Each structure stands twice: as structure tokens, then as C-alpha cells.
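As C-alpha cells, the structure follows; a few thoughts come after it.
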Amino acid sequence: MISVKEALEIILNEIKPLAAESVDILSAMGRVSYEDVYAGRPNPPWDNSAMDGYALRAEDVSAAGPDSPVTLKVIYDLPAGAVPKGAVGAGEAVRIMTGAPVPDGATAVVMVEYTNIPSNTPTLPSPVKGKEKRKGSSGSVNILQKARPGENIRRGGEDFKAGDLVIKKGSLIRPAEVCMLATIGTPEIKVYKRPTIAVISTGDELVDINEEPGPGKIINSNGYAICSLVAEAGAVYRQLGIARDTKEALRERLEAGIKADCIITSGGVSVGDYDFVKDVLKDMGSDMRFWKVALKPGKPLAFGVIKGRPAFGLPGNPISSMVAFEQFVRPALLKMAGRDDIFRAAIAARLTKDVKIKPGRMTFLRAELAMETAGQGYHVSPLDAQGSGVISTMVRANAFIIVPEDAAGFKAGETVKCQPFDTSILQNRKTCY
Ligand code: AMP
Ligand code: MG
């Protein structure tokens, strides 16, 4: 029997990131950049106003205050999207909107809240048709606050300059990266290809979901569970259905699976009379490995590379196959997709009750992980039924408690390591703040 860590190391050594493809930036969400992206233009593109207000020369308003207004001549109106009509001279101001380019001569913008319109200024029609009449786009304005040079001005290139590296190769594309790519006018990006995974279930006892299981038969739940795990890992599944427990049937399905980037089977990897997966995988390719991994649940595991494609033979029991997927297949798929952060995070949590384990295998206990009421830290409750076929506790669980190989258990109150597999524990709550 080899350890989980050893098996994982052997697997990850064989896994290579896939090739690149160009996709539009919205399709790149959740993918990994295959290229260093350099900005072709600066941001902001030019000095622009951070506020609605008046662009002016800071020195003209050095004496301004609530009780000592400085009156400036408003020479024109500058909405966002327009270009300055001329420089701001001594004693002058431009009525400016957020995002509009700062006119030459102006060294600061005073927010509209710190200004008022002298009572003798006429009301002018808005240049925008249908908008109500407003004051202040010409005539004069009282400035009621002094301004530091540069105040409320966003400098051209202060965010990044043309030629700057703005997204590194290997970065996960999130909404922030999409915003960056759109800002620099890049509609497409090279990302790692999304792995396509062939999912094959094995067993004479299996029927598909729309069939009524007759005597001795059960529904192929693993096929669906594994496809959903594949999708959750950001890969694309191809459900190839059920292979019967004969070498010929298995071989036929596996041949079909070789078109994918990776093959996953479930069932038939144990020591039963009809457990042919390892034999057929071996017949089909080189360097097939079959192990008993010191993992509970999920002891039997076949792994190898057939015609350059990794193949995983997961155990048949539903929870065993899910746990083995989480520990071995998910990191492999993330690595194929170009990720380097491929492991689930581990969280320290206070155990709510005693746990007893037969030592010898790294054990993943289904558990409910929750935040402490005060929002400080986490507590975790192991669920009662931990059998490898018990799906109801898998449904209730949002994390595994990780029990190391040599541990015989823990006492209530001890801090244990947990592996949340449902990210909502960290990202979503039913209450605000
Ligand atoms: P095996 O390793 O093929 O002997 O399967 C171990 C257990 O998992 C048996 O009880 C099987 O019936 C069950 N099993 C195998 N494949 C599936 C599947 N695709 N869906 C649900 N249960 C399965
Ligand atoms: Mg079987």
C-alpha cells in the first residue's frame, strides 16, 4: 500500500498542462492565461477629472474658503467624452464632469459640492436636448474651498503605462482580469485548453438513470457524480455510459475514451472476479500502475498513461470514487488546465465531538464545517454514517475532516484539519457581514 502523498506525486509527475487556444475574454473566465499580456496603451489614457466640478488653476483659489469665495469665469462646459476647447487661464474655470480630459492650464478640480453659482448668473439651456435647464456651464462660479495642485485629477498612466506587464502567464482569469483586458482593448486571450474527460462506468449491475432497475440492478450514479465533479473542476465531460464486466466491452469503451484528454473509469479496480479495468488498461498501454492507496474511503486506484493520456481507474463505491476524485483527479485536471494552485485549501477547525479511527490510512470523514457564531474561526461536526456507499451524509457534508494515516482519532475540542469541498463555506453565507 502506498501513501496518498506518494500516489499524488506519481500522478502529478505524469500530468502536463495542455496546449493553448485563443478565446474571447468572456469565455476566458475561470481559465488560465497562456501568455504574458502587455498593455498597448496607458491607463488612464490621459489626465482626467475624478469628480464632477470645476477645473481651475490651484493658485487662483489659494485664498478660497466657505466664507471667502473666489469667483472664476466659467469658459465652457466639458462633459465626459468631449475634448477641451481651450486652456484654462488665470481667473478661469471649466465646468468638468468625471472622466473628462483635464484642459491645459488647469492644475486641480474642485468638487461641485464646494462651489455655488453667483446669484446674478443666468440659467442656461443644457447642451443636451431634453435635459432640464441648469446653471454653471458658463458665466461664473464661486469656489468655496482651496485646492492642492493635482487634487481630483487622475494622471494619465498612473494605473499602468503602455508596455507594462498587466497579466502574467499562469494567471487565473477572473472578472478583474476581464476588466483589465477590456480596458486595454484586447478582445481575445490565449488560454490553456479546457481538458475533455471521458467518463466510463463499469458493472453488470448498472442501469442508466431512465431505466427501472430490475432485480439485482442499481442506477449508474457514479457516471453522473463524476461528470459533475469534472464540470466543477472546470473541465468538459464526455459521458461514455456503462461498460459491462467483460474485457471486450471495457476495451471498446476505453478505445472510445482515448479521444479525450483524460479517461476516468469507476468500478472494477478491486480484487473481485470481474474487476478487469486494470488488466484492460494494461493491455492497452504502457506503464499502467495499480495501487492500494492508504486512503479511506477509496483504497483501490489504477493510474496510467495510455497514448499520452492519463487514465484513472476509480473505485466503484460512490463515496470512494468521489473522495479519490477529489484527492487525485481534481488536482490533475487543474494542472492540465494550466493552474498551479491545484489543491483544496485546508482549514483548521474545532472538533465538536470525539472521532475514533482505525489507524493506517489517511481518512476523509464527511463533516459539516461552520463558522463560529462570533465569526472567529470554524467548528466541524463529523457526520454519523461514514460508509463508502452512504450518499445521504455526502449530501449533508461540505467538508472532509482529514485524519492522518497514523492517527487513531481526536477528542472533542481539538483543532483538526478540514478540507472544504464546497466553496460556499468561504464565499457565500445566508446572512450579510
Ligand atoms: P466494484 O469495485 O466494481 O466491485 O464496485 C464496488 C461497489 O460500487 C459495488 O457495490 C458496485 O455496485 C458499486 N458501483 C460500481 N459502479 C457504480 C456506479 N457507476 N454507480 C453506482 N454504484 C456503483
Ligand atoms: Mg464492478
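Rule-based calculations on the coordinates, nothing more; no lab input. Because the structure is predicted, anything quoted here is derived from the model rather than measured. Cβ: placed from backbone, ideal geometry, glycine included. Neighbour counts: every protein chain shown.
Annotations for the structure displayed:
- Segments 86-92, 398-404, 150-156 sorted - mean Cβ within 10 Å per residue, highest first: 398-404, 150-156, 86-92
- Three-way shape call for the stretch 347-426 based on the alpha-carbon gyration tensor, with the a/c threshold at 1.5: oblate
- Gyration tensor (alpha-carbon) shape descriptor, the chain, a/c threshold 1.5: prolate
- Restricting attention to the chain, close to 70% of DSSP beta bridges with both partner residues there are antiparallel.
- Nearby lysines by direct alpha-carbon distance to residue 307 (threshold 29 angstrom, same-chain neighbours under 8 apart not counted): 5, 16, 169, 190, 193, 247, 259, 278, 282, 292, 299, 335
- Acute angle (nearest 10 degrees) that the helix 221-232 long axis makes with the longest principal axis of the chain, alpha-carbon atoms: 30
- Ellipticity at 222 nm from helices only: DSSP H runs of n ≥ 4 in the chain, each -39500 (n - 2.57), divided by the residue count, give -4500 deg cm²/dmol.
- Phi angles across the stretch 323-336 convert, under the Karplus curve 6.51 cos²θ - 1.76 cosθ + 1.60 with θ = phi - 60°, into 3J(HN,Hα) values of 5, 5, 4, 4, 7, 10, 7, 4, x, 5, 5, 5, 5, 4 Hz, Gly and Pro given as x.
- Using C-alpha pairs below 8 Å separated by at least 6 residues, the relative contact order for the chain is 16 percent.
- Summary of packing: across the peptides 209-217, 246-254, the per-residue average of other C-beta atoms within 10 Å ranks them, highest first, as 246-254, 209-217.
- Cα convex hull of the stretch 345-390, projected area averaged across orientations, nm²: 4.2
- What you get for the stretch 1-118, charging only the Cβ of Lys and Arg (+1) and of Asp and Glu (-1), is a dipole of about 220 debye around the Cα centre.
- The stretch 275-305 versus the stretch 1-79: alpha-carbon centroid distance in Å: 47
- Database remark: amide H of residue 303 closer than 5 angstrom to the amide H of 289, 290, 291, 313 (H placed geometrically; neighbours at sequence offset of 5 or more, or on other chains; Pro and chain starts carry no H).
- Aspartates and glutamates whose Cα lies under 14 Å from that of residue 417, excluding same-chain neighbours fewer than 8 positions away: 368, 405
- The chymotrypsin sites (Phe, Trp or Tyr not before Pro) of the stretch 1-67 meeting both criteria, a DSSP state outside H, G, I, E and B (loop) and at most 14 other C-beta atoms within 10 angstrom of the site's C-beta, are 46.
- Taking a Cβ cut-off of under 14 Å around residue 254, the surrounding Lys, Arg, Asp and Glu residues balance to a net charge of +4, with basic ones at +1 and acidic ones at -1.
- Of the peptides 344-350, 26-32, the ranking by mean beta-carbon count within 10 Å, highest at the top, reads 26-32, 344-350.
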